[in-house]
Amino acid sequence: MADIRVLVVDDSALVREILTQGLNAAPGIQVVGSATDPYDARNLIIKLRPDVLTLDVEMPRMNGVEFLRQLMPQMPVPTIMVSALTERGQKVTLEALEAGAVDFVAKPQSRNPQGLQLMIRELQAKVRIANQATVRRQKQAGPDGPNTPATGTKTTPKPLRAGGTLASNARQALVIGASTGGTEALRDVVTLLPAGGPPVLIVQHMPAGFTKIFSERLNEQSAMTVREAVDGDMVTPGLVLIAPGEFHMRVMRTPRGFQVRVQPGDKMNGHCPSVEPLMVSAAKAYGADAVGVILTGMGGDGAKGLLAMRQAGAATMAQDEESSVVFGMPRVAWELGAAQKLVPLNQIAGKALGLLNRKEAKV
């Protein structure tokens with residue numbers, strides 16, 4: 001197989017050299033060029049036709065987000081953002097994911113050689129994933145971002161209703177796992193859920209710090225209340241809880257109702273948080289009174305947990321290949337028999353609400 005051709009875009013000569021050496025050291029990856037800014041990058045993309053782009057978030061003349069908003073509607077290229085671990089860096093990185101980036105890596109906070117090596121290994125892995133990703137042309141962005149029309153008027157998706165009623169039974173839950181491409185897939189699902197809708201528990205593979213910013217951003221866009229989970233949180237209708245980075249989240253039934261446990265632990269299936277412990281615990285806590293969903297992502301995290309939910313009587317589904325950025329986790333869940341159906345992303349919220357409403361009618 002041909003090498004994955006990478007273009008490195010960063011205004012720092014030192015960073016360009018580090019990324020170039022690190023990527024070239026990986027078998028099957030070749031850096032074919034480097035650019036100092038988006039203007040230089042645009043010309044090199046046309047000339048070199050790279051398979052994957054690594055893109056700095058903060059650059060002079062035009063930042064990475066603005067560049068993506070112009071690039072993706074015209075020449076979509078799978079892109080990995082290289083982000084600083086500052087609060088602004090986290091916010092801008094999430095904007096880049098909204099603008100079409102596949103994933104991101106965080107720059108080490110110091111020049112510790114071990115931290116740098118870990119970042120390079122992560123970047124190598126994510127470049128391979130990005131090369132398999134399905135990147136679609138984005139709609140032309142307006143001044144407020146990729147999800148607004150050219151006039152700059154913000155658009156908010158209209159929340160769904162299932163059968164004209166709200167599925168708001170506190171004894172039910174929607175449980176979702178996602179990875180690469182998941183931040184945007186989750187937004188497409190959660191923003192369609194109505195205020196007061198069923199409790200939602202989410203694991204999105206994401207580092208510490210980013211999950212908090214992601215939760216806050218999603219909360220601004222949704223009718224539901226969305227926040228990063230805290231150990232001991234009660235699971236209630238109208239609330240979406242997202243597992244924090246570097247902590248596993250589980251749900252349990254208590255005399256007071258359903259409650260989440262958020263605890264540090266070893267990586268499972270290469271991740272912390274992992275989808276697996278959440279879905280296994282949901283199978284025990286909710287039995288048939290839940291819906292489990294696996295969204296886009298690489299690998300197989302969550303497949304066995306989703307199977308446990310199905311075996312406990314829960315309805316289960318996975319995102320279909322056509323709408324997935326990476327059809328890895330959904331494929332494994334489907335082939336294992338954990339997912340009862342493969343569903344297009346734009347239908348998942350409606351189908352989940354419908355299933356929970358039917359279950360509520362039987363309670």
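The values are calculated or read from the model by the stated rules, or taken from the named source; none is laboratory data. Keep in mind it's a predicted model, so treat the numbers as computed, not measured. Here the Cβ is made from the backbone with ideal geometry for all residues, glycine too, and neighbour counts use every protein chain on show.
Descriptive notes on the structure:
Here is a yes/no grid of residues against (1) modelled with pLDDT under 95; (2) out of contact with any Asp or Glu (no Cβ under 8 Å at 6 or more places or on another chain); (3) within 24 Å of ALA318 (Cα to Cα); (4) not assigned by TED's automatic domain parsing to the domain that holds LEU355:
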position: VAL240; (1), (2), (3), (4): no, yes, yes, no
position: VAL251; (1), (2), (3), (4): no, yes, yes, no
position: PRO255; (1), (2), (3), (4): yes, yes, no, no
position: GLN259; (1), (2), (3), (4): no, no, no, no
position: SER274; (1), (2), (3), (4): no, no, yes, no
position: PRO277; (1), (2), (3), (4): no, yes, yes, no
position: VAL291; (1), (2), (3), (4): no, yes, yes, no
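- For the range 64-81, the candidate set comprises residues that are part of a loop (DSSP other than H, G, I, E, B) and within 19 Å of the chain's Cα centre (by Cα); within that set, the residue that is farthest from ARG5 (Cα to Cα) is MET72.
- Residue check for ALA84: of a type in the set (A, V, I, L, M, F, W, C) and without any contact (Cβ under 8 Å) to a residue 24 or more places away in the chain: no
- Some residue of the range 221-229 being within 23 Å of GLY299 (Cβ to Cβ), assigned by TED's automatic domain parsing to the domain that holds ALA315 and not charged (D, E, K, R): yes
- Hey, PRO108 touching a Gly at 6+ places or on another chain (Cβ under 9 Å) and assigned by TED's automatic domain parsing to the domain that holds VAL127 or not: yes
- Any strands (runs of 3 or more DSSP E) falling wholly within the range 1-62 and containing at least 1 residues that are more than 25 Å from the chain's Cα centre (by Cα): 29-35
- Every condition in (1) over 16 Å from the mean Cα position of the chain (by Cα); (2) in contact (Cβ under 8 Å) with a residue 12 or more places away in the chain is met by GLU220 except one, and the failing one is (2).
- Filtered by the rule that a residue be small (Gly, Ala, Ser) and touching a Phe, Trp or Tyr at 6+ places or on another chain (Cβ under 9 Å), the range 257-296 gives GLY265, ALA285.
- GLN114 being over 25 Å from ARG187 (Cα atoms), modelled with pLDDT of 90 or more, over 15 Å from the mean Cα position of the chain (by Cα) and assigned to a helix (DSSP H, G or I): no
- Cross-chain or 6+ apart pairs with Cβ under 7 Å, the range 312-323 first and surrounded by fewer than 24 Cβ atoms within 10 Å (Cβ to Cβ), then part of a loop (DSSP other than H, G, I, E, B): ALA312/GLY287; ALA312/ALA288; GLY313/GLY287; GLY313/ALA288; ALA315/GLN340; ASP320/PRO344; GLU322/PRO344; SER323/PRO344
- Across the range 4-25, the qualifying residues are those that are acidic (Asp, Glu) and within 18 Å of ARG61 (Cα to Cα), and the one among them that is surrounded by the most Cβ atoms within 10 Å (Cβ to Cβ) is ASP10.
- Residue list for the range 72-89, restricted to those being surrounded by fewer than 24 Cβ atoms within 10 Å (Cβ to Cβ) and either farther than 17 Å from ASP10 by Cα or small (Gly, Ala, Ser) (or both): MET72, PRO73, GLN74, MET75, PRO76, ALA84, THR86, GLU87, ARG88, GLY89
- Contacts under 9 angstrom Cβ, first residue in the range 19-32 being not assigned by TED's automatic domain parsing to the domain that holds ALA125, partner part of a helix (DSSP H, G or I), 6 or more apart: none
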